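Reviewing the structure listed below.
A short reminder: the numbers here are calculations on the coordinates, not readings from a lab. Keep in mind that this is a model prediction, so the values were computed, not measured. Cβ coordinates were reconstructed from backbone atoms using ideal geometry, including for glycine residues, and neighbour counts include every protein chain displayed.
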Amino acid sequence: MAQQDPDITAAIQSSGELTLEGAAAKAKEEYDKLMHVTLDIAVTGESGAGKSSFVNAIRGLSDDDDDGAAPTGVTETTKEPTMYLHPTMPNIRVWDLPGIGTQNFKAKQYIKDVNFNTYDFFIIISSERFKENDIMLAKEIKKNKKKFYFVRSKIDNDICTEMRKAGFNEQNVLLKIREDCKKNLVDFKDCKVFLISSLEINKYDFQLLEDTLEKDLPATKRYALIKAWPVCSKEVFKRKVEAFQKSIWALAFLSAGVAVAPVPGMSAAFDASVVMGFFASCYRAFGLDDASLERLSKRTGKDLKPLRKSKFVSALKNDVSLPVRISALALVEYISSLIPGVGSAAAAGISFGTTKWILNKGLNEIIDTAREIMKEAGLEC
């Protein structure tokens, strides 16, 4: 049946394979790349520039006492390259590098010791003008054919200071800061300077930075970035939705490949761990796990956990943090049972159309729940 489906026939042709089995194997290989690709982000700059705060911000953390947060302070807190895993996407690694140009890390030695191949790209942060050491580092990064981005931090502090002055205009202040930064970057005429506040990620150039990184990264790395980036705008939320929607086709196609030679029993008929992996990734990417909701509740002063009212989302809450096991099948079977008249057929071998329906059904429930929580938190998405 699956082979006669015009969507499947077209999918086999577009894959470059001759058979459904071959095309499904290729689809699984591509899907595994998307789900497990690593992304290593290096954050560097002079001491006190706000590196650790930025490391926390792009991982969705806001306070030093958040579990896994990089320590922040007025003095240099980073003594050696420190890797911080993303709290919900462990394949995303953010590296807080020691401040360049400090007494302990002279610029030339620092550049010599940096293992450029470790990182996918560099964020060079300054809370003032970009200085000689920042420029020296950027040139070395460029020599090593890596991407780098200049980020001017603590913009909220500048705005707060300027607000006290007569004739204050926020856009004029931002333009002045941007132009002042570029004066010292004459060797990088085409580069952008991103103005950000790690405490207010919904303002200034935080979204523009994500846009630029996404555009510059290869496809699989781009997917990882979108999943991990904190929801700071409607656009980020929309991109997360689109990224997961695109993955549904590959999973549905995999199920069709398995259905060609069905074996009694759900676990043999379809790899439920792949379905669970997809839903678990969605659940975490939209911040529905306990730790993410606790952080958001803390910032807003509202208890947001009760808003996870969907039966499906509640089932994920119980299973999402566990290793793949038999109970994972119960979740898939539960969703399958929602389709009138096809539950038993799904248990024997979920077809292309049925799997697509299941994945869309689950993803939509996750999206609706996330939207409701964001709205209650005052973040319209």
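Modelled this way, with points 7 Å down the Cα-to-C-beta line, the labels at residue 305 and residue 245 are 3.3 nm from one another.
Working ranking of peptides 39-47, 189-197, 285-293 by packing, defined as the average number of other Cβ atoms within 10 Å per residue, highest first, is 39-47, 285-293, 189-197. Cross-link partners of residue 302 among lysines, defined as those whose alpha carbon lies under 20 angstrom from its own and excluding same-chain residues fewer than eight positions apart: 317, 375.
Across segment 37-228, the relative contact order, built from alpha-carbon pairs under 8 Å that are at least six residues apart, equals 24 percent.
Extent of segment 37-228 along its three principal axes (Cα atoms, max minus min coordinate, largest first): 50, 35, 34 Å.
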